[in-house]
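Read-outs throughout are calculated quantities, based only on the coordinates presented, and are distinct from any laboratory measurement. Computed from a predicted model, the values in this text were never measured in an experiment. Every residue, glycine among them, receives a Cβ derived from its backbone with ideal geometry; neighbour counts consider all protein chains shown.
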């Protein structure tokens with residue numbers, strides 16, 4: 001008998017008999033019907049408390065805001081998606097401005113250029129699939145267009161969030177976006193720059209993930 | 001799965017008094033004080049002569065056959081539907097919370113559950129059933145409350161002791177740091193793991209001393225002998241009493257000539 | 001457990017609990033490190049739950065876990081089916097040894113020589129690192145706390161914060177000695193050095209091994225919480241990802257995760273959420289540019305299906321490994337995690353380990369508790385830990401003829417002397433007249449009470465017998 005069969009048989013033939021499955025009432029997770037403004041304020045407060053940086057801007061201004069932020073940090077290279085909206089907008093903008101970092105397109109399998117990603121790329125910029133106000137969390141939904149490592153390897157991660165896509169709670173977001181119907185290879189909640197408290201509970205930011213997280217909120 | 005909200009009975013004419021073996025042997029004054037407090041509230045106290053012990057020491061040691069034998073001998077002592085009041089969070093908890101499980105799968109299961117349902121910790125009963133109003137006759141005093149883990153977590157009476165003490169207008173109640181942390185008694189734990197228990201009681205005594213109070217009170221004799229015993233051996237300036245002794249002494253006219261904050265001395269008579 | 005020639009840091013005699021406890025109690029550094037750390041974790045948890053109806057939330061957590069356990073075998077099959085559809089290879093391991101062999105076989109098939117590890121308590125339970133090392137495969141921990149513990153050749157002392165027993169000075173010296181960093185009390189500098197060292201490892205590792213916090217049957221999704229980013233690195237960069245989990249971690253629906261996550265991070269470290277919540281449902285798709293090409297899940301039983309048999313002991317399997325129990329435990333706080341000598345320390349360790357190692361080996365675990373109940377009060381899934389400790393004490397002494405012992409090693413702690421003492425105690429206390437007689441004599445001859453009563457009088461004066469028992473005084477009163 002295979003290990004699988006051994007284990008399942010033991011579980012199915014339990015001496016205690018059948019276990020009653022209790023009902024599960026998720027209403028304790030519900031939060032009041034906050035307005036977009038309230039959700040955004042809460043989101044900002046939560047993510048700022050863990051060193052996330054939030055800039056409220058508009059569809060027409062975000063590129064300029066981004067350029068300014070990255071210049072002040074001395075960022076020289078920025079990884080963008082070659083086909084996703086943000087990447088396209090930046091490629092276009094790069095034609096007419098010189099204050100953006102050099103754009104690098106993520107259009108090759110990582111095996112071809114891993115060393116370069118790890119050592120030369122300063123910024124990764126990604127879209128989001130909304131955010132959660134209660135915990136200050138961005139919803140990232142990597143795909144073939146926006147690969148996973150974009151938001152992980154470069155020391156700066158910039159995320160573009162539309163204020164209209166703010167949810168109060170994780171439960172709400174998951175239900176509203178019907179996650180159970182189809183999950184990507186890797187979905188994530190990102191709630192700040194990487195950190196650790198393993199050295200005598202001293203909080204240190206910037207461990208293996210990005211050192212800084214910048215959220216551009218488009219209102 | 002939430003613990004049910006307590007439904008207190010209306011104030012009864014009579015109660016059964018289950019004294020507990022520790023009070024019987026070491027702190028009978030506390031037992032008498034509890035009985036007198038109840039009688040002063042106009043309640044007739046029935047003291048079943050055949051009471052011995054709730055069975056907890058054997059129960060927590062894993063010797064459930066022996067615990068059950070002792071507990072079973074107590075089940076018949078409370079035949080009428082009067083509340084059973086217990087001057088201990090620990091013994092009260094044993095009877096109220098653990099008797100049903102102990103007698104599961106036995107012919108006594110219904111009886112045990114019925115008895116368990118009538119058990120009340122005594123200070124809880126005084127406050128929330130008798131609605132006792134205490135008049136302080138004593139001199140100004142400062143005291144700390146040690147709420148036992150069972151009083152807190154099994155009987156849910158952490159607010160009761162402080163509420164009663166706060167009724168005494170000349171008593172200042174102070175709180176020690178980490179008040180909710182165990183004193184280290186744990187019944188046979190103190191014997192099986194003496195060093196860990198010793199470390200726990202040492203810190204508890206320090207916390208009590210740091211309040212500036214010279215005295216503490218508690219509902220539980222196990223904690224009392226643990227903390228008092230350590231303080232005594234190590235000459236720490238804190239001594240304890242059962243809260244019932246303290247409350248009786250403060251409010252009984254006939255007790256005002258005794259030293260107000262005297263701790264329980266077995267030889268006092 | 002693996003029997004290997006070289007000394008594993010896991011090689012410890014669990015029975016020698018008392019000497020280790022004494023040593024820890026006498027070590028001011030351990031006392032201080034743990035006291036401070038636990039105080040911080042307790043207050044953070046309280047702060048994180050402010051504004052919540054915590055009791056209702058815990059009820060939900062308990063119900064979610066019980067609903068999962070009620071359907072465990074079906075859920076595991078559903079999980080396997082969904083994961084397989086998603087392209088994940090699912091393996092089943094009856095015990096830790098088999099789980100190690102499965103991991104090794106995957107590595108060997110890929111000619112893998114280096115494994116990078118995300119934090120996984122199940123892999124500690126498996127003693128995986130030691131096993132792989134014996135097989136000539138390097139396994140390096142990437143979580144900073146686990147990395148520190150690995151460098152020190154120790155085992156974790158806490159299930160969430162593995163290096164909690166070390167202070168900055170100790171860590172600085174360790175990193176200096178083992179990796180050449182400067183001696184420094186600057187946590188930023190020490191962390192930055194670890195980051196640099198680890199990046200190279202992430203890039204070059206052949207295999208990434210991780211744990212799983214929740215496995216969702218509905219969608220075939222593996223969920224992981226972390227703050228550092230090493231978990232994402234481990235599960236994204238190497239070409240092969242192996243996840244290991246206990247079989248009890250599966251939940252039916254994605255929705256269940258929202259309740260458990262809300263409880264887990266707040267109970268563990270007082271965080272509303274960890275920096276990353278990673279949800280993995282498969283390997284790299286054909287059009288994707290990164291992610292592992294192979295993803296495996298190893299489902300580990302290792303005694304869990306045995307715990308599952310019993311209605312009371314079953315509650316042990318609700319655990320979501322938050323660590324709140326040990327954070328609030330007055331015993332753990334004073335003796336620290338290593339005193340237990342087991343993979344899982346603290347209250348959860350005491351109720352879980354006897355099933356894994358037996359009550360003979362684990363004989364001191366169930367009794368190392370004052371039954372204060374602080375653990376049960378904070379458990380996010382309402383495991384009745386004190387009740388389970390009492391049950392295990394009964395099992396350890398075969399103390400209930402109505403419920404014969406079932407747990408591995410039951411009866412190991414039964415001593416004929418103690419059994420006789422309780423028998424005698426029982427006889428006296430079940431016979432009221434005998435009790436009154438005996439206690440009356442004790443009161444009368446109280447001056448003969450021994451001054452030394454074993455462990456009690458080592459630290460305390462003995463309690464004084466009263467001149468008259470309450471029984472005697474009540475009798476007089478009635479006359």
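By the gyration tensor of its Cα atoms, with a ≥ b ≥ c the square roots of the eigenvalues, what is the shape of the stretch A:150-219: rounded for a/c under 1.5, prolate for a/b over b/c, or oblate? Taking the square roots of the gyration eigenvalues as a ≥ b ≥ c, the stretch A:150-219 is prolate.
The packing ranking, built from the mean of other Cβ atoms within 10 Å per residue, places the peptides A:4-11, C:218-225 in the order C:218-225, A:4-11, highest first. Entry note, chain A: relative contact order of 26 percent, from Cα contacts under 8 Å with a spacing of 6+ residues. The alpha carbons of chain A occupy a box of 73, 46, 42 Å along the principal axes, longest dimension given first.
Where both residues lie in the protein assembly as shown, what percent of DSSP beta bridges are antiparallel, nearest 5?
On the way: 21 of 92 bridges.
Restricted to the protein assembly as shown, the bridges split so that about 25 percent are antiparallel.
Can you bin the stretch C:416-478 into rounded, prolate or oblate? Criterion: square roots of the alpha carbon gyration tensor eigenvalues sorted a ≥ b ≥ c, rounded for a/c under 1.5, prolate for a/b above b/c, oblate for the rest.
Numbers: a/c = 2.81, a/b = 1.21, b/c = 2.33.
The shape class here is oblate.
The angle between the Cα long axis of helix C:54-70 and the main principal axis of chain C comes to about 70°, on a 0 to 90 degree scale. Taking packing as the residue-averaged number of other Cβ atoms within 10 angstrom, the listed peptides C:131-144, C:417-430 run from highest to lowest as C:131-144, C:417-430. Divided by 2.2 N^0.38 Å, where N counts the residues, the Cα radius of gyration of chain C comes to 1.10. Here the label points at residue A:9 and residue C:179, each 7 Å from Cα along the C-beta direction, are separated by 4.8 nm in the simple model. The antiparallel fraction among DSSP beta bridges confined to chain A stands at about 25%.
Any idea what the alpha-carbon Rg over 2.2 N^0.38 Å comes to for the protein assembly as shown? So the protein assembly as shown has a normalised radius of gyration of 1.03. Could you give the angle, 0 to 90 degrees to the nearest 10, between helix C:254-269's Cα long axis and the longest principal axis of the Cα atoms of chain C? Approximately 60 degrees, to the nearest 10. Our Cα-only numbers for the stretch C:116-204 put the radius of gyration and Dmax at 12.9, 37 Å. Run the numbers on chain C and let me know its relative contact order in percent, using alpha-carbon pairs under 8 Å that are six or more apart. RCO, chain C: 19 percent. Taking other C-beta atoms within 10 Å as the exposure proxy, B:255, C:415 rank C:415, B:255 from fewest upward. Shielding of peptide C:221-230 by partners, expressed as the average count of other chain Cβ atoms within 10 Å per residue Cβ, is 6. The helix-based estimate of mean residue ellipticity at 222 nm for chain A, built from -39,500 (n - 2.57) per DSSP H run of four or more residues and divided by its residue count, is -8000 deg cm²/dmol to the nearest 500. Rounding to the nearest 10 and keeping the result within 0 to 90°, find how far the Cα-based axis of helix A:36-48 lies from the longest principal axis of chain A. It is inclined by approximately 90 degrees. Pair-distance distribution P(r) for chain B, from all Cα-Cα distances in 5 Å bins starting at 0: 1, 6, 13, 18, 19, 17, 13, 8, 4, 1, 0 percent. Counting only DSSP beta bridges whose two residues both lie in chain C, roughly 25 percent are antiparallel. Once the gyration tensor of the Cα atoms in the stretch C:1-86 is diagonalised, the equivalent ellipsoid follows with semi-axes of 37, 29, 12 Å, ordered largest first. Listed by Cβ neighbour count within 10 Å, with the fewest neighbours leading, B:131, B:98, C:272 appear as B:131, C:272, B:98.
Across peptide B:43-50, the mean count of Cβ atoms from other chains lying within 10 Å of each residue's own Cβ comes to 3.
Rounded to two decimals, the Cα-based Rg/Rh of the stretch B:141-255, with Kirkwood Rh, is 0.96. For C:34, C:445, A:26, the sequence from fewest to most other C-beta atoms within 10 Å is C:445, A:26, C:34. For residue C:420, project a label point 7 Å along Cα to C-beta. Then give me every residue of the stretch C:370-413 with its amide nitrogen under 18 Å of that point. Counting only backbone N, you get C:413.
Remark: mean inter-chain Cβ contacts per residue of B:224-230 equal 4, using a 10 Å Cβ-Cβ cutoff to other protein chain atoms.
Across all C-alpha atoms in the stretch A:9-118, the radius of gyration and Dmax reach 24.0, 74 Å.
FRET efficiency for the pair residue C:448 and residue C:108, taken as 1/(1 + (r/R0)^6) with r the Cβ-Cβ distance and R0 = 51 Å, rounds to 0.10. Sequence-distant contacts, meaning Cα pairs under 8 Å at least 6 residues apart, place the relative contact order of the stretch B:30-124 at 27 percent. From helices alone, chain C scores -15000 deg cm²/dmol at 222 nm; the rule is -39500 (n - 2.57) for each run of n ≥ 4 DSSP H residues, then divide by the residue total.
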